[in-house]
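Q: Following this message is one structure expressed as C-alpha cells.
The values are calculated or read from the model by the stated rules, or taken from the named source; none is laboratory data. Nothing here was measured: the structure is a model prediction, and the numbers come from that model. When we count neighbours, we look across all protein chains shown, and the Cβ atoms used for this are built from the backbone with ideal geometry, even at glycine. Ligands, DNA and RNA are excluded from the accessible area calculation, which covers all protein heavy atoms including side chains. Shrake-Rupley method; radii C 1.70, N 1.55, O 1.52, S 1.80 Å.
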Amino acid sequence: MKNTYFTPGPAELYPTFGTHMQAALDEQIGSISHRSQRFRDIYKYTDEQLRILLNIPATHGIFFTGSASEVWERILLNCVEHESFHLVNGSFSRKFFDYAQSLHKYAHSLEKPFGEGFDFAEIDVPEYAELVCVTHNETSSGAQMRPVDIHKLKRKYPKKLFCVDMVSSAPYPDFDFGLIDSAFFSVQKAFGMPAGLGVWIANEACLDKAERLQKYESMTIGAHNTLPMLWKNYQTFETPATPNTVFIYLLGKIAEDLNRIGIESVRKQTEEKARMLYRFIETDERYSPSIKEERHRSQTVVVADTKDSAKDVLSTAKEAGIIVGSGYGKFKDSQIRIANFPAVSIEQTAQLINVLKK
C-alpha cells in the first residue's frame, strides 16, 4: 500500500516529481558540468520560475546551498558585524539564535513560550542590532507570523536588514521583497522534494554589507559560499562549488508546475485545507488546536493537542496508509503535526480527517 505523507519534512513528494526525476535521468542531468552552458540554462530557468512564483524582484539574487540550516550561518557571517536580533518562539527560531551565539555575535532575542506568536505592536528592535531574524512559520509549534506584521516591522526599522526563515511555508506567504532583504527555504517541505537543497534569497543591501565586512582584517565572513562569491558566480548562472544540479533542475520544474496552477490558486487551496483541518480539531473532543490565537495559527503546519496518546493516533493513521508528523521534542507524546503542503490534495486531506475521526 502506498502511503500519503502529512509529515512536516521530509514530506509527501509533489505528484509530478517522479516524471521530472525520470526526465533528469534520461537527460543525464546528474553528470553535466556545473561550468557548462546546459547547467547555466538550468539555473537560469529555475531562477525565472522562482521569481514568478514568489514575486522576487531583480534587486535580489537567488542562490543554492546544501540546506536551509546552512543559510543560518551564511547570513550571520555575511551580514552581522556585531549584533543580531531574533524572535524566538520554538525550536527552529531558537536554533537560529543559537547559531548567532556560536559565531560569537552579540545576539538579542525576544522570546515567547512555545506555541505563541508575535504581533508587530509588541516588538522593539534593539538600537544597534544590524540584522532582524524572523521565523515566519515555526515548524516545531505551528505558530505563524503574519506577513503584514513583518512588513510593518521593516517599515519601522528601514535601516536594519531583515531576514525571514520561510522553510516550512514557502511558497505560501505573500511577501513584499521590496521590504524583505533576505529569505530562505529548503525543498523537502512545501516544494515536495527529498532533502538536499537550500535556497537563499538576498538583496544588494546584504551584498554591500558582506563586501564591507570582508575588508576588515579582524572579521571573517567564512570560506565556503560567501555572499560575494555566490553573487559573482550568479552573474553567469554558475555556483562557486559543484551543486546539486539534479535538484536545481527538479525545483525549476516543480516551480513551473505551481506557476501553471497559479500562486493565488495554491494559496486558496492551502487555506481551504487549513480550514478543514482546524474545523475538525476544534469540534472533535479528542483534539484541540495547540495555537490558541487564530491569527497566529500556521496555514502550512497544523498542530493539534491530543487527548489520547499521540502515539496511538499516529499508529491508527499509519494502518490506513497515512503518515502524520509527531509533536516536536517534549511534545512528541501529546501533539500531532499535520503538514498542509501543495503536494496533498483537498481529497487526501478529507481522507485524513475521516481516519482521525475513527
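Q: From D257, D305, D312, grab the single residue that is open to solvent by less than 60 Å² (accessible area, probe 1.4 Å), acidic (D, E) and farther than 30 Å from F17 by Cα.
A: Details: D257 fails: farther than 30 Å from F17 by Cα; D312 fails: open to solvent by less than 60 Å² (accessible area, probe 1.4 Å).
Selected residue: D305, the only one of D257, D305, D312 that is open to solvent by less than 60 Å² (accessible area, probe 1.4 Å), acidic (D, E) and farther than 30 Å from F17 by Cα.
Q: Looking at G9 and the list (1) under 19 Å from A343 (Cα atoms); (2) at pLDDT 95 or above, which single condition is not satisfied?
A: In the conditions (1) under 19 Å from A343 (Cα atoms); (2) at pLDDT 95 or above, G9 misses (2) alone.
Q: Tell me which of these I281 doesn't satisfy, since it passes every other one: (1) open to solvent by 20 Å² or more (accessible area, probe 1.4 Å); (2) modelled with pLDDT of 95 or more; (3) farther than 30 Å from Y45 by Cα; (4) assigned to a helix (DSSP H, G or I).
A: Going through (1) open to solvent by 20 Å² or more (accessible area, probe 1.4 Å); (2) modelled with pLDDT of 95 or more; (3) farther than 30 Å from Y45 by Cα; (4) assigned to a helix (DSSP H, G or I) one by one, I281 breaks only (1).
Q: Take residues that are basic (K, R) and without any contact (Cβ under 8 Å) to a residue 60 or more places away in the chain and tell me which of the strands (runs of 3 or more DSSP E) falling wholly in region 1-105 contain 1 or more. If you could, list the steps in order and put the result at the bottom.
A: Details: elements: 4-6, 60-65, 83-88.
Result: empty, no element qualifies.
Q: Being open to solvent by 40 Å² or more (accessible area, probe 1.4 Å) and under 30 Å from N259 (Cα atoms), is that true of even one residue in region 80-94? Can you show your working first?
A: Here is the first cut: in region 80-94, the ones open to solvent by 40 Å² or more (accessible area, probe 1.4 Å) are 81-82, 92, 94.
Of the ones still in play, those that are also under 30 Å from N259 (Cα atoms) are 92.
Yes, region 80-94 has at least one match.
Q: Got a number for residues in region 169-186 being open to solvent by less than 10 Å² (accessible area, probe 1.4 Å) and out of contact with any helix residue (DSSP H, G or I) (no Cβ under 8 Å at 6 or more places or on another chain)?
A: 2
Q: Please count how many residues of region 299-340 are of a type outside the set (V, I, T), part of a loop (DSSP other than H, G, I, E, B) and in contact with a helix residue (DSSP H, G or I) (Cβ under 8 Å, 6 or more places away or on another chain).
A: Here is the first cut: in region 299-340, the ones of a type outside the set (V, I, T) are 299, 304-305, 307-312, 314-315, 317-321, 325-335, 337, 339-340.
Still in the list and also part of a loop (DSSP other than H, G, I, E, B): 299, 307-309, 320-321, 327-328, 332-334, 340.
Narrowing the set further to residues that are in contact with a helix residue (DSSP H, G or I) (Cβ under 8 Å, 6 or more places away or on another chain) leaves 299, 320, 327-328, 332-334, 340.
Of the residues in that region, 8 qualify.
Q: Where the second residue is small (G, A, S) and open to solvent by 30 Å² or more (accessible area, probe 1.4 Å) and the first is without any contact (Cβ under 8 Å) to a residue 60 or more places away in the chain and lies in region 316-342, which pairs have Cβ atoms under 7 Å and are six or more apart or on separate chains?
A: These pairs meet every condition: G327/S334; K332/S326; D333/S309; I336/S326.
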